[in-house]
Each structure stands twice: as C-alpha cells, then as structure tokens.
Amino acid sequence: DAKTTQPPSMDCAEGRAANLPCNHSTISGNEYVYWYRQIHSQGPQYIIHGLKNNETNEMASLIITEDRKSSTLILPHATLRDTAVYYCIVRVASTGNQFYFGTGTSLTVIP
Amino acid sequence: NAGVTQTPKFRILKIGQSMTLQCAQDMNHNYMYWYRQDPGMGLKLIYYSVGAGITDKGEVPNGYNVSRSTTEDFPLRLELAAPSQTSVYFCASTRQGSNSPLHFGNGTRLTVT
C-alpha cells in the first residue's frame with residue numbers, strides 16, 4: 001500500500017516556482033523519499049530522492065522536514081513541459097525494496 | 001546501455017487467451033518489478049524479483065505469473081486474459097540498496113476484449 005499522501009491536483013503559473021507537498025508520516029528511519037513524474041502514459045521519470053538532508057539537482061530541489069514526516073518538491077521555474085503527474089514514493093526498506101506509488105499530484109503549468 | 005526494454009508496445013487479446021510480456025534490462029540490476037496502471041490511476045505493484053530464481057508478490061498479483069531465470073530478463077505471464085487486465089504495464093529495475101532509483105521501461109499497452 002502507498003505510504004504517502006499528496007494533493008490530487010495543483011496549478012502553477014509558468015516561470016514561477018512549483019511547490020508540491022507530500023506527507024509520509026509512517027516513514028522509517030532508513031527509508032528514502034523518491035519523486036517521479038509521468039507525462040501522459042510514458043514510463044515514470046526519476047526526478048530526485050533523499051533521506052533526511054535537502055537535495056538539489058538540475059531538475060528540482062527536495063526539502064525534507066526535520067521529523068521526516070513530510071517533504072516538498074520544488075521546481076524552481078516551471079515551464080509548460082513540467083505539466084505532468086508527480087509521484088512521491090517511500091522506498092520500503094525490506095527484502096524487495098519495493099516502491100509503492102500512490103495516485104500522485106497532477107500539476108498543470110498555466111501560460 | 002538500452003536501459004529497460006519492454007515488448008510488445010501494444011497488444012490486443014481476446015478473453016481467455018494467454019500472452020507473455022517481455023522485459024529486459026542491461027544495467028546488471030538485481031531488482032526488477034512489474035507494475036500496472038489503469039486509466040487515471042497510479043501504478044500498482046504486481047510482482048517483483050530480487051535476483052535470478054527469486055520472485056515475490058506485490059499488491060495485485062492475481063491473474064499473473066512471473067519467472068526470473070536470468071539477471072537480465074523478467075517476463076510477466078497472463079494465462080487467462082480477462083477484461084479487468086486491460087491496462088498499461090510497466091517494467092522497472094534498480095540496484096540493490098535503498099539509495100538507488102527505479103529505471104522504467106516505456107510500457108506495454110494491453111487491451112482484453
């Protein structure tokens with residue numbers, strides 16, 4: 001079962017920062033938070049992941065709260081091509097290291 | 001590297017037919033996964049494997065079978081296709097360890113009529 005909760009949809013003006021929240025209140029100490037996005041019905045695309053420190057790469061920034069119960073994905077300057085469904089996932093620290101996807105947040109970037 | 005390759009891209013089956021969805025990866029990943037995605041929904045884990053000869057059930061395994069005879073290949077078998085199995089199927093792989101992202105294939109769109 002999905003271990004994360006996300007708002008079903010969000011809008012963002014083109015050029016502005018998009019801040020996508022995620023709750024993962026049952027996360028364990030050694031479980032990573034991953035973010036993926038999916039455009040139309042393509043395979044999900046990896047964006048970023050983190051354990052407890054904030055992370056940044058060429059696509060986005062990930063802010064994880066100190067208690068690790070929630071996180072925020074930041075797209076600093078949203079473009080129309082960022083319109084997609086964004087999934088926040090906790091990678092289960094078990095034998096299979098399963099990734100359980102929820103229903104995600106549908107982000108629409110508005111011109 | 002080709003990454004994760006899925007075949008076929010599209011398939012239409014009649015009720016009761018069987019088929020195998022192929023998945024291969026060339027990244028020497030131990031862990032492989034099969035997901036299905038119904039229209040407007042998130043991905044549901046069907047089966048996964050942590051290495052050759054080892055498979056286990058995910059959230060929605062009924063109606064499917066898998067095998068893992070090599071590190072590279074992880075085929076998904078539908079024995080008696082049903083309309084409820086109409087979906088997009090994604091295969092993914094990753095390295096062992098929780099600090100490694102999933103790599104996805106481009107999916108197989110299956111319609112059962």
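The values are calculated or read from the model by the stated rules, or taken from the named source; none is laboratory data. Owing to the predicted nature of the structure, the values given are computational and were not obtained by experimental measurement. Don't worry about glycine lacking a Cβ; one is built from the backbone with ideal geometry, like all the others, and counts go over all protein chains shown. Ligands, DNA and RNA are excluded from the accessible area calculation, which covers all protein heavy atoms including side chains. Shrake-Rupley method; radii C 1.70, N 1.55, O 1.52, S 1.80 Å.
Odds and ends about this structure:
- Dipole-positive endmost among B:PRO61, B:ASN106, B:VAL88 within chain B (Cβ charges, Cα centre): B:VAL88
- All Cα pairs of the protein assembly as shown, percent lying beyond 32 Å: 19 percent
- The spread of Cα positions in the range B:1-89, taken along each principal axis and listed from longest to shortest, comes to 35, 26, 25 Å.
- Computed over the range B:21-65, Kirkwood Rh from alpha-carbon pairs, angstrom: 11.5 Å
- Relative intensity of the range A:32-76 on a log10 scale, I(q)/I(0) at q = 0.14, 0.18 Å⁻¹, equals -0.33, -0.52, per a Debye sum over C-alpha point scatterers of equal strength in the absence of solvent.
- Accessible surface of chain A [probe 1.4 Å, protein heavy atoms]: carbon and sulfur percent: 49 percent
- Taking all protein chains together, A:MET59, B:MET19 sort by accessible area into A:MET59, B:MET19, largest first [probe 1.4 Å].
- Alpha-carbon spread of the range A:33-111, three principal axes, descending order, Å: 42, 27, 19
- Per-residue SASA remark: B:MET41, around 100 Å² accessible (1.4 Å probe; ligands, DNA and RNA not included).
- For the range B:23-57, residues shielded by at least 20 square angstrom of accessible area compared with the chain on its own, probe 1.4 Å: B:TYR31, B:TYR33, B:TYR35, B:GLN37, B:GLY42, B:LEU43, B:LEU45, B:TYR48, B:VAL50
- Of interest is the spacing of the C-alpha centroids, which for the range B:24-50 and the range A:7-81 amounts to 21 Å.
- Excluding ligands, DNA and RNA, the accessible surface per residue across chain B is 47 Å² with a 1.4 Å probe.
- FRET E, pair A:THR72, B:MET19, Förster distance 30 Å, beta-carbon r, rounded to 0.05: 0.10
- Computed on the Cα atoms alone, the convex hull of the range A:1-62 gives a volume of 125 cubic angstrom per residue.
- Chain B contacts chain A over a buried accessible area of about 1900 Å², both sides summed; the probe is 1.4 Å and only protein chains count.
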